[in-house]
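Below is one structure, written out as structure tokens; comments come after it.
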Amino acid sequence: MATQSSDWKSRQEVVTLSEEKVTQDPTLEEEQVAKDADQAEATEMNWEQEAAHWKAQAEDHQNRMLRAMADMDNLRRRVRKEQEDLAKYASLKIVEELLPVLDNFERALAADKESMTVESLLEGVNMVYRQMVQVFDKEGLAAIEAQGKPFDPHIHQAVIQTQNPEFESGVVVAELQKGYMFKDRVVRPAMVQVNE
């Protein structure tokens with residue numbers, strides 16, 4: 001117990017002596033204050049530099065975002081223009097392919113009417129018809145088969161019902177108007193007469 005008390009006293013004396021040195025030596029105190037001020041100034045400069053760094057990075061991100069938004073607007077405008085042009089000129093290909101058919105009709109109309117016979121007129125009309133059918137076939141237009149086929153409401157439009165013993169019930173007896181499909185879509189259903 002006596003040793004602890006003496007250790008305690010000696011420690012107190014060391015602390016007291018250190019305090020006395022600090023208070024007695026004003027240069028040490030000034031140096032410490034100057035060190036603390038330098039350190040505070042350095043810390044403040046670090047904070048300012050870091051703040052400037054983050055501010056510059058935020059401005060850079062803002063500029064990039066604005067450029068990306070402008071690019072997106074330009075892309076939207078360009079896509080809209082392309083879609084408008086596509087819709088505007090969608091039928092250009094088929095029009096180009098029908099021009100020879102139109103030329104043949106004009107030739108037929110310009111033919112000498114005095115030397116034209118009914119047979120030559122029919123032959124010319126058949127040629128133009130075949131040429132037109134070829135253009136439509138090439139583009140994917142096909143006639144819907146109806147007569148003798150089972151009635152299908154997706155491709156046939158029943159306008160008359162009849163009772164014909166030669167056909168089964170629900171079968172198309174007659175085609176009143178041709179129907180057409182464009183690729184896999186019905187353009188016009190066939191108007192048909194259906195057996196009850």
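Contact map, segment 168-190: residues that are without any contact (Cβ under 8 Å) to a residue 12 or more places away in the chain paired with residues that are surrounded by 12 or more Cβ atoms within 10 Å (Cβ to Cβ), Cβ distance under 7 Å, separation 6+ or inter-chain. Pairs shown: ARG188/GLY179; ARG188/TYR180. Is segment 89-100 home to any residue that is polar (S, T, N, Q) and part of a helix (DSSP H, G or I)? Checked segment 89-100: no residue is polar (S, T, N, Q) and part of a helix (DSSP H, G or I). Looking only at segment 151-189, residues that are polar (S, T, N, Q) and within 27 Å of ASP137 (Cβ to Cβ) come to 2 in all. From the list SER115, SER120, the one residue that fits, being part of a loop (DSSP other than H, G, I, E, B) and polar (S, T, N, Q), is SER115.
Scanning segment 113-128 for residues that are of a type in the set (Ser, Thr, Tyr) and either in contact (Cβ under 8 Å) with a residue 40 or more places away in the chain or exposed (fewer than 12 other Cβ atoms within 10 Å of the Cβ) (or both) gives SER115, THR117.
The single condition from (1) touching a Lys or Arg at 6+ places or on another chain (Cβ under 6 Å); (2) within 21 Å of PRO100 (Cβ to Cβ) that ALA143 fails is (2).
Matching residues to (1) under 30 Å from GLN134 (Cα atoms); (2) β-branched (Val, Ile, Thr); (3) modelled with pLDDT of 95 or more; (4) open to solvent by 100 Å² or more (accessible area, probe 1.4 Å):
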| position | (1), (2), (3), (4) |
| --- | --- |
| GLU41 | no, no, no, yes |
| GLU50 | no, no, no, no |
| TRP54 | no, no, no, yes |
| ARG64 | no, no, yes, yes |
| ALA70 | no, no, yes, no |
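Scanning segment 153-184 for residues that are open to solvent by 70 Å² or more (accessible area, probe 1.4 Å) and closer than 9 Å to ASN195 by Cα yields ILE160, GLN161, GLN163, PRO165, GLU168, SER169. Selection of segment 156-174 for residues being part of a strand (DSSP E or B) and under 18 Å from GLU145 (Cβ atoms) yields HIS156, GLN157, ALA158, VAL159, VAL171, VAL172, VAL173, ALA174.
Within the bounds of segment 137-146, is there any residue that is open to solvent by 50 Å² or more (accessible area, probe 1.4 Å), free of Cβ contacts under 8 Å to residues at least 40 places away in the same chain and in a helix (DSSP H, G or I)? The answer is yes, given that some residue of segment 137-146 is open to solvent by 50 Å² or more (accessible area, probe 1.4 Å), free of Cβ contacts under 8 Å to residues at least 40 places away in the same chain and in a helix (DSSP H, G or I).
The values are calculated or read from the model by the stated rules, or taken from the named source; none is laboratory data. Quick caveat, the model's predicted, so the values are computed rather than measured. When we count neighbours, we look across all protein chains shown, and the Cβ atoms used for this are built from the backbone with ideal geometry, even at glycine. With ligands, DNA and RNA removed, areas are computed over all heavy atoms of the protein, side chains included. Shrake-Rupley method; radii C 1.70, N 1.55, O 1.52, S 1.80 Å.
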